[in-house]
Amino acid sequence: MTNEYIVMMIDSLVKKNKMLEELKKLTNNQAAIVASENVDWEMFNDVIDQKAEIIDNINKMDEGFEKLFLRVKEELSNKQSLYKEEIHEMQNLIKTISEKSVEIEVAEKRNKSLIERRMNESKQVIKQGKLGNKAAAQYYQKMSKLNTVDPQMMDKKS
């Protein structure tokens with residue numbers, strides 16, 4: 001039974017590794033979307049939704065892995081020589097997963113600063129637009145007064 005749990009744990013790590021690779025691709029896509037001249041915020045939100053789904057699946061897999069590990073932890077410790085290859089394979093997978101996690105974290109931090117910069121640029125454009133609209137409204141208001149003649153009293157001579 002322990003051997004089946006170990007195989008399941010290895011499968012779980014392999015799947016997690018693939019999911020992290022997909023998450024990494026999505027994070028890079030997200031950066032490309034934000035870096036483009038005209039940001040497609042709808043596409044950006046779609047990528048966020050896809051990433052959230054993958055992260056949820058990874059969290060579920062981690063919970064399952066933990067439960068399996070708790071079941072076999074003692075036997076793995078007591079019979080390390082018997083499961084030497086499997087332990088080594090899991091260690092390699094965990095190392096690869098950790099490296100990808102760090103890469104994703106670094107990319108996420110870059111994306112965050114890029115997104116903040118783009119949002120600030122958008123705010124400036126909106127602010128300039130509002131100021132332009134206000135200036136135009138004031139201009140038209142003042143110009144409309146130029147063409148009107150103020151009421152005047154006229155004496156009629158009979």
Next item on the list: Residues being surrounded by 12 or more Cβ atoms within 10 Å (Cβ to Cβ) and without any contact (Cβ under 8 Å) to a residue 12 or more places away in the chain: count how many of those fall in the range 42-51.
Entry: 2
Check: What number of residues in the range 21-41 are open to solvent by less than 80 Å² (accessible area, probe 1.4 Å) and not in a helix (DSSP H, G or I)?
Finding: 3
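The values are calculated or read from the model by the stated rules, or taken from the named source; none is laboratory data. As the structure is a computational prediction, the values presented were derived from the model and not from experiment. Cβ: placed from backbone, ideal geometry, glycine included. Neighbour counts: every protein chain shown. The area values use the complete protein model at the heavy-atom level, side chains included, leaving out ligands, DNA and RNA. Shrake-Rupley method; radii C 1.70, N 1.55, O 1.52, S 1.80 Å.
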